[in-house]
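Below is one structure, written out as structure tokens; the observations come after it.
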Amino acid sequence: MNSRRTRYLTSLAVSVTMALLIGALIMLITGHDPLDGYGALLAGAFGSKRVIGTTLYKTGQLAITGLATAVASSSGIFNVGGEGQMYLGALASCYLGARLTGLSPWLAIPLCLLAAILSGAVYAWIPAVLKVKLKINEVITTILMNTIAIAFCKFMANGPLKTMEKGVNAGTDSIDKAFRFNKLIAGSSLTESIFYVIVISLLVWYLMSRTTAGYRMRMTGQNSRFARYSGLKADRLAIAGMLISGAMCGMLGMFECFSGPGGRFTVDFSKEFYFDGMLVAMIMQYKPLGIILMSFFFGILKVGAVKMQSQGIPSELILIVQSVIIFFMAAQEGFLTRIAQRKASRAVALTVRKDGDQ
Amino acid sequence: MDWNTIFSVGTLMNTINTATIVILAGLGCLMTAQTGMMNIGIDGMMTAGAFAAVMGSWLFDSWLMGLVFAVATGLVFGLFYGVMVIRYKSDEFIIGVAFNIFAVALTTFLLRSITKASGSFHPEDTARGGSISNLPYISLGMSGGTPVNLSVMIPIALALVAITYILLYRTPLGFWLRASGEHPESLRSVGRSPDSMKYLGSLACGFLCGLSGAYLSLGYMTTFTENMSASRGYVAVACVIFGRSNPLFVCFAAILFGFIEAAGQRMQGIVDPTLTQTFPYIGTILMMVFLAVFNRMQKRKAA
């Protein structure tokens, strides 16, 4: 193991510990017992077979969104718009899932998947082209396009695509039962979609770290000018990265709705899921394997937080812990360099003083 | 479509009211942009400011204390941004995005801890009770049966546009501030520290975003609601890019944004309200595309 990786892992361990301590401090200040809080969190994530299933499901969701962020970022585009791409993918696939009722699942599921991929990818393509051709900041366009996409889906689900089914007051028509993903553990969120998630995660990991295309993407992301001089088509790679990212988000939208209890598209199906995964990717500096492993850790925190919430501690605490880890990790490089510099200058001062003594 | 309802006193007032949020935040953002940083975390700073304003106003039953709380919070976050980006050389985009998520999470957490109810803050839901004191306003008479009121923050915001413009382009301090962004080396060669100018820029950003937040929760609205900035901070960043960090142009872009939002509200009878809400965001993106195409054409003409 090289020293740079050791240093990084040490920083990560320190950051996570510090952030959890800050979380404890916030609990203390707001009048909760931190031990009870974190105890509830562990029980909430591991207490029964049911919650373990949900923890695994959440891990998959974080891995997909985290890798989606990483694919785009490592090819030079910061995709903050995954939430909107996910909504469009969900709406498109749910619409098809309802319209294709009666068709063989072997035909219908791939079609729904295709619809989800296309709507996510096309919506991600717009800010990518604006960035590459016109140098328009993608962070702003993608975040604004989130609001636009969610509003559009809300409009469709409450208007033209609203279900006429009796007793159902929100959402689109229900997806054919044969197309939906079956539960793997009764009562948990874990469904057959996890197999898709595993395959997609492995594919993306392979693409990013084991292929020349992935290497080229990383080159582009790190230094687009250098990549261009060495003959790489930086623009094309950046767009490709964004298309893959959008496609992944679109698919996740389908998995959520096809696994969900309602079996239809409802506007509140996601609770800003994309941002959870984006934070994991940022913490792990867009390293695919790291993201997959870290997704499990944050899966525990996220699912456990639901139990914390039932004990009166708002689940936003985990979001605070997550962003604090990012602050630490973003500053660690500069912090360590400063310490090294100070040590070096002190050493120089010491030798100078010694020289003076002689 | 009835053009008279779109170009009416009501629309004008709505335009000014909404634009003021973006003007103040945009001024904050351009202070960092001028000193060579791009703070996209202003959305979070506004949210934090809006929450602090309501807390100050509620605890002391005084809007002035609300303003003090908001500005203090803004300054703390501005300093924090400065330390992260200037001292520890963190990636400004990562810090900005994390900042926005952090601010929404923290304010939502605190809101739910204080009131036990979620959504928005109402003093009745707390053990302490009391009330929120809002920013004062100037009454401009009646129009069509509804009173026309102008929040004091609106003239203050316009004055701040002039002040930042004069500060940046007509004073030595402004010259140094701009130099710290464009030519830090030459600034150093005349014996000024670019870093201290950058800190000044991020503190000014925090101050102005604090004001924007206070106006948001105590002027534009009358309480704090979760995630209440509604991405307007990002719109402000877009306005700064559109206005090339010049306070006058940024103010103009913000007013244009305010008009699109206000006109959208007026069209709710014709177009579904869920869709009209998206007009300002679509408008902002189109504005950025327009500017980029325009720049490109000018460059081609020059060459």
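What follows draws every value from the coordinates through simple rules; no lab data is involved. These numbers come from a predicted model, not from an experiment. Reconstructed Cβ throughout: ideal geometry from the backbone, glycine too, with neighbour counts over all protein chains shown.
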Which FRET efficiency, nearest 0.05, do B:Ile270 and A:Ala349 yield, Cβ-Cβ r, R0 60 Å? 0.20
What's the FRET efficiency of A:Phe335 with A:Glu272 using the Cβ-Cβ distance as r and R₀ = 25 Å, to the nearest 0.05? 0.25
Compute the Cα gyration tensor for the protein assembly as shown, then decide on rounded, prolate or oblate, letting a ≥ b ≥ c be the square roots of its eigenvalues: rounded whenever a/c is under 1.5, prolate when a/b is larger than b/c in the other cases, and oblate in all that remain. rounded
Tell me, how many Å apart are the Cα centres for the stretch A:180-259 and for the stretch A:14-55? 30
Shielding by partners, peptide A:327-338 (average Cβ within 10 angstrom, other chains): 5
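Go through A:301-307, B:219-225 and give me the packing order, highest mean Cβ count within 10 Å leading.
Averaged packing, sorted descending, gives the order A:301-307, B:219-225.
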Toy charge model, Lys and Arg Cβ at +1, Asp and Glu Cβ at -1: chain A dipole around Cα centroid in debye, rounded to 20, equals 1080
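How much length is gained on full extension from B:Ser118 to B:Phe60, taking 0.36 nm per residue of separation minus their Cα-Cα distance?
Extending this stretch completely gives an extra 18.6 nm.
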Quickly estimate the mean residue ellipticity at 222 nm for chain A, helices only: each DSSP H run with n ≥ 4 gives -39500 (n - 2.57), and the total goes over all residues, rounded to 500. -26500 deg cm²/dmol
Setting aside same-chain residues fewer than 8 positions from A:Lys271, which lysines have a Cα under 16 Å from its Cα? A:Lys58, A:Lys154, A:Lys302
Length gained, A:Gln222-A:Arg50, 0.36 nm per residue minus C-alpha separation, equals 57.7 nm
Partners for A:Lys133 among lysines (Cα-Cα distance below 25 Å; same-chain residues under 8 apart left out): A:Lys233, B:Lys299, B:Lys301
Placed amide H near B:Ser143: partners under 5 Å, 5+ positions off or other chain: B:Val148
Between the stretch A:99-163 and the stretch B:240-303, the Cα center-to-center distance that results, in Å: 23
Output ordering of B:145-151, B:242-248, A:70-76 (per-residue mean of other Cβ within 10 Å, highest first) is A:70-76, B:242-248, B:145-151
Sorted by mean Cβ packing within 10 Å, highest first, what order do the peptides A:255-261, A:244-250 take? A:244-250, A:255-261
Charges at C-beta only: +1 for Lys and Arg, -1 for Asp and Glu. How large is the resulting dipole of the stretch B:1-117 about its Cα centre, in Debye rounded to 20? 320
Give the average, rounded to an integer, of partner chain Cβ atoms located within 10 angstrom of each Cβ in A:143-153. 6
Output field shielding_mean for B:84-94 (other chain Cβ, 10 Å radius) holds 6
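With +1 on each Lys and Arg Cβ and -1 on each Asp and Glu Cβ, how big is the dipole of the protein assembly as shown about its Cα centre, in debye rounded to the nearest 20?
For this selection, approximately 2180 debye.
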With point charges of +1 on the Cβ of Lys and Arg and -1 on the Cβ of Asp and Glu, referenced to the Cα centre of the protein assembly as shown, which listed residue (B:Thr115, B:Gly49, A:Leu293) lies farthest in the positive direction of the dipole? A:Leu293
Gyration tensor on Cα atoms of the stretch A:275-351, a ≥ b ≥ c root eigenvalues, a/c under 1.5 rounded, else prolate if a/b beats b/c, else oblate, says prolate
Per residue of the stretch B:245-258, what does 6.51 cos²θ - 1.76 cosθ + 1.60 with θ = phi - 60° give for ³J(HN,Hα)? Whole Hz please, x for Gly and Pro, Karplus curve as stated. 6, 8, x, 5, 5, 4, 4, 4, 4, 5, 5, 4, 4, x
Given axes a ≥ b ≥ c from the Cα gyration tensor, I'd like to know whether the stretch A:32-118 is rounded (a/c under 1.5), prolate (a/b larger than b/c) or oblate. oblate
